[in-house]
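Structure, as structure tokens:
No lab work stands behind these numbers, since they all come straight from the coordinates. These numbers come from a predicted model, not from an experiment. Please note: Cβ atoms are built from the backbone with ideal geometry, for glycine as well, and neighbour counts cover all protein chains shown.
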Amino acid sequence: MQTTTDDICARDGCRFHVEHVLIDNRLYPTTMCGDACRDFAWALEALRAAPDSPEKAEALADMSMYARILSERTEPMDIGALFGGDDG
Ligand SMILES: [Zn+2]
């Protein structure tokens, strides 16, 4: 079913149903298809901002592995949060 609340995921370009998340008592529309894409984008941004180091290079290589896994799934919810969810 096509609805007006479907959007394109900012990370992988898949179509997804927009949900709203509460941040500081305001509702924001989600921009990605699921927790995995959100976590991936957040981690990649944090990594890119970090100073260059062997650990950073290794972590970036891990991220391309995650990117491949995320791109191979058929449903957005096939993979949940990458980094442990609420309890961090
Ligand atoms: Zn996505």
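Here are some notes:
- With Cα atoms, 0 to 90° folded angle of helix 54-72 axis to the chain main axis: 30 degrees
- Cα convex hull of the chain - mean projected area over all directions, nm²: 7.0 nm²
- Segments 17-23, 33-39 sorted - mean Cβ within 10 Å per residue, highest first: 33-39, 17-23
- About its Cα centre, the range 6-83 has a charge dipole of approximately 140 debye under the convention of +1 per Lys or Arg Cβ and -1 per Asp or Glu Cβ, with nothing else charged.
- Computed from Cα positions, the angle between helix 35-49 and the longest principal axis of the chain comes to roughly 40 degrees.
- Distance between modelled label sites at MET65 and MET77, nm, 7 Å Cα→Cβ extension: 2.8 nm
- The range 1-41 gives an Rg/Rh value of 0.99, both radii derived from C-alpha positions and Rh following Kirkwood.
- Karplus-derived 3J(HN,Hα), 6.51/-1.76/1.60, for each residue of the range 21-27, Hz, glycine and proline x: 10, 8, 10, 6, 6, 10, 8
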